[in-house]
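**Q** Sharing a structure with you now.
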Amino acid sequence: MVELRPAFSWDCPECGVENFCRGIVPEFSEEDAAELRDEHGINAWESGDFVMQPETVACAKCAVEFRSLHYKDA
């Protein structure tokens, strides 16, 4: 058995290499988590984590750093 972690994939605009980076899974107090669920319309019976993308990423091959943009905002 393996543990799956939230991740993002992206292609480097400089060299074209496909890259992966882990998602950021912040820890919230129970009150903050409940407020976020209410804010986003998540029902009490639904479970999961809130995952954030990193603000910047760097290519594993050419090391160029980029600001990240969520795919829905592209």
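Each reported figure results from applying straightforward, stated rules to the coordinates on display, with no laboratory input. What you see is a predicted model; the values in this text were computed from it and never measured. Don't worry about glycine lacking a Cβ; one is built from the backbone with ideal geometry, like all the others, and counts go over all protein chains shown.
**Q** Note the angle between two axes, namely the Cα long axis of helix 30-40 and the longest principal axis of the Cα atoms of the chain, as a number of degrees from 0 to 90, rounded to the nearest 10.
**A** For 30-40 against the chain, the angle is about 70 degrees.
**Q** What share of Cα pairs, in percent, lie more than 11 angstrom apart in the stretch 31-74? Intermediate results must be reported in sequence, preceding the final value.
**A** Numbers: 714 of 946 pairs.
Within the stretch 31-74, distances greater than 11 Å cover 75 percent of Cα pairs.
**Q** Can you list residues whose amide H is under 5 Å from residue 68's amide H, if they're 5+ apart or on another chain and H is modeled 1.01 Å from N?
**A** 56, 57
**Q** If you don't mind, another one. On full extension of the chain, what length is gained from residue 21 through residue 62, given 0.36 nm per residue of separation minus the C-alpha to C-alpha distance? Don't skip to the end; give the middle numbers.
**A** On the way: separation 41, 0.36 × 41 = 14.76 nm, distance 1.52 nm.
This chain segment gains 13.2 nm when fully extended.
**Q** Also: Could you compute the FRET efficiency for residue 3 and residue 30, with r as their C-beta to C-beta distance and R0 at 22 Å, rounded to 0.05? Mind dumping the intermediate values first?
**A** Details: r = 23 Å, r/R0 = 1.07.
The formula returns an efficiency of 0.40 here.
**Q** Also: Counting pairs of alpha carbon atoms under 8 Å apart in space and at least six apart in sequence, what relative contact order in percent does the chain give? The partial results should precede the final answer.
**A** Values: 71 pairs, mean separation 20.2, N = 74.
Worked out over the chain, it gives 27 percent.
**Q** Testing the spin-label approximation: label points 7 Å from Cα along Cα→Cβ at residue 39 and residue 11. State their distance in nm.
**A** In this crude label model, residue 39 to residue 11 measures out at 3.4 nm.
**Q** Here's another thing I want to ask about it. Considering all alpha-carbon pairs of the chain, what whole percent are spaced by more than 20 angstrom? Please list the in-between numbers first.
**A** On the way: 1259 of 2701 pairs.
Above the 20 Å cut-off, the chain has 47 percent of its Cα pairs.
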